[in-house]
Amino acid sequence: MILSAVKGMSDLYGSRAIRWTKMEETIKKIVASSNFTEIRTPIVEELALFKRGVGESTDVVQKEMYDFLDKKGRHIAMRPEGTAGVARAFVEHGLGLNEPLPLKTFYIGPFFRYERPQKGRYRQFHQFGIEVFGDETPQIDAELIFTAMRVLTSFGIQAEVHVNSIGCQKCRADYREKLISYFSTKKEGLCEDCRNRLEINPLRLLDCKVCDPKTRCADIPKITECLCDDCRGHFEQLQRSLTIFGVPFVVDPFIVRGLDYYTKTAFEITAITGGSQNAVAGGGRYDNLIHDIGGAQMPATGFAMGLERLFDLIPEDFFELPQVSVGYALSEDAVDQLVAFAKNMAGQPLNFFADYKPKKLKKALQKADRVAAAFTFIIGEDEAKEHLILVKNMETGEQKTFAQNDIETILGFCR
Ligand code: HAM
């Protein structure tokens, strides 16, 4: 029986892996230029963290967790998202006390959600995310949206920013009541989940993909009409700052996000091109999460971008793939010299590798063609006698013989 990868999880190899790495390098360069430093947290956390952080009534926690009991009976979960783990690390290591604030972090890594796999939606997927702690300003929210857009435009991707404010505990209480009384008269049209969560968490109804009240019902109350002065002021300044950053946006009063920790700013970025899974990034402010998981009151804000979705939006020829050069020995006697030559070529700017198994010239050139080598290096019987090496430019056909240890001149020929 041939074993295959677990459903919804995939392998990364070959030219796709090379392009993926280049995508990650580009992202890291952009965030490093704005002083975000990397944070790596474990792939697994205690399930309780996600229940408390992400929210018990969210789809992510209710339906999509990969969770298990470890050998000591602890209830563990594969992380479905990054914010809760980073927040846990922030509290656990006292980063709010020991590091200068605001603390600007980023991460890239795998995440796990038990969803129905389809294009752009996987059970193991990857996110690039940013979390900032200790900055309550709307300007930092705007900078994060600007940073997400910088990443997208660096790959030539056009996208739309949708922003909303989902208020604070104070103004959201008011909104909850309005939603409950609005939907109480429309229960027949709601799916079972939404009927059950109407009283517990009515905001989740605006995010439901099953009965989708957002597109079906008219005149749903808007949170933007219930915001308190502080939240309204924050939202207005966010919009002014986005304009200064030069980021076009639309206000969408029904963005609530699928996770429970958000306060004030909530946003989603959708690619203009691409299919149905075009939500490429999402995030917002979460000023109560650090406190909710046992830390001090600490303003925080962030976003995450789905890397599979980003990758699919990047044109195939966007990254130049590196060309290789390859060396062959045509006889058993020449192999030691090929080894010494490989040692001298290590670290040189030619992406050289040696194929140590001796072979006939015709076979060697065929193999060089298969890897689309830029230059082929041959040590035949005659060359071996005098410690020479033949170098062939595979594009022009030009070839020349050099002393094997004259790396400088060889590199000059290959330039
Ligand atoms: P999220 O909206 O759940 O937010 O996920 C962010 C992005 O991850 C989505 O926009 C999408 O591109 C990608 N994504 C989510 N699920 C899948 C999947 N099953 N397959 C492929 N891609 C997926 C969060 O995770 C928050 N932690 C974002 C955040 C950070 N908020 C504040 N800080």
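No value in this document is a laboratory result; all are computed from the given coordinates. Computed from a predicted model, the values in this text were never measured in an experiment. Virtual Cβ from ideal backbone geometry, glycine too; neighbours counted across all protein chains shown.
Could you please tell me the mean projected area of the C-alpha convex hull for the range 263-415, averaged over all directions and given in square nanometres to one decimal?
The number I arrive at for the range 263-415 is 15.8 nm².
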Rounded to the nearest 500, the 222 nm mean residue ellipticity computed for the chain from DSSP H runs (n ≥ 4, each -39500 (n - 2.57)) alone is -10500 deg cm²/dmol
Measuring from its Cα centre, the range 90-206 shows a charge dipole (+1 at each Lys and Arg Cβ, -1 at each Asp and Glu Cβ) which, in debye to the nearest 20, is 620 debye
One can check that the equivalent ellipsoid of the range 73-131, built from the alpha-carbon gyration tensor with semi-axes equal to the square roots of five times its eigenvalues, has lengths in Å, largest first, of 27, 16, 6
Whole-percent tail of the Cα-Cα distance distribution for the chain, cut at 27 Å, equals 61 percent
The chain, Gaussian network, Cα under 10 Å: of Glu99, Glu24, Glu143, the residue fluctuating most is Glu99
Expected vector for the range 66-81, Karplus 3J(HN,Hα) from phi with 6.51, -1.76, 1.60 and θ = phi - 60°, integer Hz, x for Gly and Pro, equals 9, 10, 7, 8, 7, 5, 9, x, 6, 8, 10, 9, 6, 5, x, 6
Given backbone amide H placed at 1.01 Å from N, residues whose amide H is under 5 Å from that of Lys264, ignoring those fewer than 5 places away on the same chain, are Ile166, Gly167, Cys168
For the chain, longest principal axis from Cα atoms; helix 361-370 axis from its Cα atoms; angle between them, nearest 10 degrees, is 20 degrees
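Beyond 17 Å, what share of the Cα-Cα pairs of the range 298-345 remains, rounded to the nearest whole percent?
66 percent
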Note to self: C-alpha centroids of the range 141-169 and the range 314-383 sit apart, in Å, by 46 Å
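In debye to the nearest 20, how big a dipole does the chain give about its Cα centre with +1 on each Lys and Arg Cβ and -1 on each Asp and Glu Cβ?
940 debye
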If N is the residue count of the range 1-50, its Cα Rg over 2.2 N^0.38 Å rounds to 1.68
Karplus-derived 3J(HN,Hα) from phi for the range 305-317 (6.51 cos²θ - 1.76 cosθ + 1.60, θ = phi - 60°), whole Hz, x at Gly and Pro, runs 10, x, 6, 5, 5, 4, 4, 5, 8, 7, x, 3, 8
Rounded to the nearest 10, the angle in degrees between the Cα long axis of helix 169-184 and the longest principal axis of the Cα atoms of the chain comes to 80 degrees
Applied in sequence order to the range 5-17, the curve 6.51 cos²θ - 1.76 cosθ + 1.60 (Karplus, θ = phi - 60°) yields integer Hz couplings, x standing for Gly and Pro, of 4, 4, 3, x, 10, 9, 8, 10, 7, x, 5, 4, 5
For Met394, the residues 5 or more places away or on another chain with a placed amide H closer than 5 Å to its own amide H are Phe375, Thr376
The alpha-carbon center of the range 229-283 and that of the range 1-63 are separated, in whole Å, by 22 Å
Amide H proximity to Tyr66 below 5 Å, modelled H, separation 5+ or other chain, gives Met78, Tyr114
Per the Kirkwood formula over distinct C-alpha pairs, the hydrodynamic radius of the range 325-414 in angstrom is 12.6 Å
Comparing Glu131, Glu199, Glu268 in a Gaussian network model of the chain (Cα, 10 Å), the one with the largest mean-square fluctuation is Glu199
Across 10 Å bins beginning at 0, the whole-percent shares of Cα-Cα pair distances in the range 54-95 come to 25, 44, 30, 1
The pairs in Lys29/Lys222; Lys359/Lys400; Lys22/Lys357 lying past 28 Å Cα-Cα in this model are Lys29/Lys222; Lys22/Lys357
Taking the chain and a Cβ-Cβ threshold of 4.7 Å, the cysteines left without a partner are Cys168, Cys194, Cys208, Cys217, Cys226, Cys231, Cys414
